[in-house]
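The next block holds one structure in the form of structure tokens; read it before the comments.
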Amino acid sequence: MSSGSFKFSNSVIVAPLVAVLSIWIVFWVEMQLGINLNEYGVYPRRLSGLQGVFFSPFIHGSIEHLYNNTIPLAVLTAFLFYFYRSAALRVLFVGTLVSGLLTWAIARPSYHIGASGVIYLLASFIFFKGILAKNYRLVALSLVVVFIYGSMIWYIFPVKDGISWEGHLAGFFTGLVFAFITKVQVPEVRKYDWEREDYREEDDPFLKHFDDNGNFIENTPEEPEEKIEIKYHYKKSSDD
């Protein structure tokens, strides 16, 4: 596959925009109607709490909570749809459901809300998939994710009260698993002739310009000898 696999499409803009607008619209509706939708979050090991697997990523407890999730969600979603377009929808939707179910299974008895689990899912998937793919562009993307969001790793542990570290851990673990099991279309890395397995130095036209000691030799093509052709024309004499 050629490097054309990395192509810009409308989904690179539309997907992050839809994701961001959805969480902001839900928060705006809460403010306008004066309601609190926290009870629609994930409540672990309670049957009614399973509804949060679908609804919790859209619900946020404060404007600060919402703002902190907005930019990472937009950036990572754009990365996902640009570099992993063929698997983007599967990773985003199925991964979110799996992450929510895992949160429901392991978390403390409380309402767990917010899109941070999705963010950890995307960051984990993009990082590990880039390393596993062994494509220089995807490895570079993994390093960018680490550089920008590497500090998030601490929040998969209970280092701060009031955050759902279990949701972060569930998203991180789900992204790791999906990186291993999800097949993506990765462009082939272009190989030069000297990198190929069937490469032979003696057949390389460039190396023929050097001797065994590395000295340059000017190999000029031998010019073929010019063949001289003589033609005789006989003309009758007027005396005949």
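The values are calculated or read from the model by the stated rules, or taken from the named source; none is laboratory data. As the structure is a computational prediction, the values presented were derived from the model and not from experiment. FYI the Cβ positions are ideal-geometry reconstructions off the backbone, even for glycines, and counts take in every protein chain you see. What goes into the accessible areas is simple: the full protein's heavy atoms, side chains included, and nothing from ligands, DNA or RNA. Shrake-Rupley method; radii C 1.70, N 1.55, O 1.52, S 1.80 Å.
Of note:
- Among the residues of the range 18-30, those that are in contact (Cβ under 8 Å) with a residue 12 or more places away in the chain and either loosely packed, with under 13 Cβ neighbours inside 10 Å or of a type in the set (Gly, Ala, Ser) (or both) comprise Ala19, Ser22.
- Within the range 149-164, the set of residues being of a type outside the set (Lys, Arg), open to solvent by 50 Å² or more (accessible area, probe 1.4 Å) and over 12 Å from Ala123 (Cα atoms) comprises Trp154, Tyr155, Phe157, Pro158, Val159, Asp161, Gly162.
- Every residue from the range 31-66 that is closer than 25 Å to Leu101 by Cα, in a helix (DSSP H, G or I), without any contact (Cβ under 8 Å) to a residue 40 or more places away in the chain and out of contact with any helix residue (DSSP H, G or I) (no Cβ under 8 Å at 6 or more places or on another chain): Leu47, Ser48
- Of the residues Ser86, Ser124, the single one that is open to solvent by 20 Å² or more (accessible area, probe 1.4 Å), polar (S, T, N, Q), touching a residue at least 40 places away in the same chain (Cβ under 8 Å) and in a helix (DSSP H, G or I) is Ser86.
- Test: Gly34 is more than 20 Å from Ala74 (Cβ to Cβ) and open to solvent by less than 40 Å² (accessible area, probe 1.4 Å): no
- Matching residues, the range 5-23, being at pLDDT 95 or above and out of contact with any helix residue (DSSP H, G or I) (no Cβ under 7 Å at 6 or more places or on another chain): Ile13, Val14, Leu17, Val18, Leu21
- Test: residue in the range 9-18 that is hydrophobic (A, V, I, L, M, F, W, C), under 26 Å from Ser110 (Cβ atoms) and assigned to a helix (DSSP H, G or I): no
- Single match in Gly114, Gly167 (criterion: closer than 16 Å to Leu73 by Cβ and either open to solvent by 30 Å² or more (accessible area, probe 1.4 Å) or assigned to a loop (DSSP other than H, G, I, E, B) (or both)): Gly114
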